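As structure tokens, the structure follows; a few thoughts come after it.
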Amino acid sequence: MKKRSLFLLVAAVVLAGCTSKEQEQQIRLFWLQQYTNLMMKKIAAAQHNLAKDPRMKEFAAVLQKINAQPLPAAPQQPAPRAKPPQIMEVSMSEDLLPGKASEADRARMKRALEAVQLSNQATLSDIETTFGGDVKYKAFLITAKTERQLKNIAAQSANFTAYFNEQQKLLKNQEAQINQLLLQNTGSIKKIRQ
């Protein structure tokens, strides 16, 4: 799928070489919209597949076991050189999300939220590859806000259906915000190296 996306982007760059600046911008915008639509469809499909995948229960159990184990003491190493700060949403892994829904519904909410988080990580990685770190950071702020809102909704939802309906609304809003961000930053698209 990535080769197909890259091919579309390469085709847009090649076509841009034979056009005026105005036509070039229209072509770039068109292909960027196609790429964005493709990525959003890929994200939605991945979220849907992850939500239905029975292995997500196994994955959650494995994560729970890993988080329950104490970390080994790290050997003393010299201090690393200063790197740009990495921004990460930190949360403690619990068995279930807090809330008033039944235990089974809260477990489903947690799996749905984890699927969103995995999808968002893949999206941010793709954005960084295509647009660079600055655009990735702005997209991260959007996805982090959505994930926080989803946690709050999970705590307030009476059942999984109510949560899932709100999740779909928030994800559509997130998709629109990321699309707008990408359209605003078409000039940041990195040149593709063979």
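Couple of notes before you dig in:
- For first residues located in the range 115-129 and without any contact (Cβ under 8 Å) to a residue 40 or more places away in the chain and on the phi < 0 side of the Ramachandran plot, partners that are hydrophobic (A, V, I, L, M, F, W, C) and open to solvent by 20 Å² or more (accessible area, probe 1.4 Å) and lie 6+ apart or on another chain with Cβ distances below 6 Å form the pairs Leu124/Phe140.
- Between Gly187, Gly132, the distinction of being among the small types (Gly, Ala, Ser) and at positive phi belongs to Gly132 only.
- Residues that are assigned to a loop (DSSP other than H, G, I, E, B) and either surrounded by fewer than 16 Cβ atoms within 10 Å (Cβ to Cβ) or hydrophobic (A, V, I, L, M, F, W, C) (or both), drawn from the range 160-194: Ile189, Lys190, Lys191, Ile192, Arg193, Gln194
- Every residue from the range 147-159 that is part of a helix (DSSP H, G or I) and buried (at least 19 other Cβ atoms within 10 Å of the Cβ): Leu150, Ile153, Ala154
The values are calculated or read from the model by the stated rules, or taken from the named source; none is laboratory data. Note that the structure is predicted; figures quoted are calculated from it, not measured. Glycine also receives a Cβ, built like all others from the backbone with ideal geometry; neighbour counts cover every protein chain displayed. The area values use the complete protein model at the heavy-atom level, side chains included, leaving out ligands, DNA and RNA. Shrake-Rupley method; radii C 1.70, N 1.55, O 1.52, S 1.80 Å.
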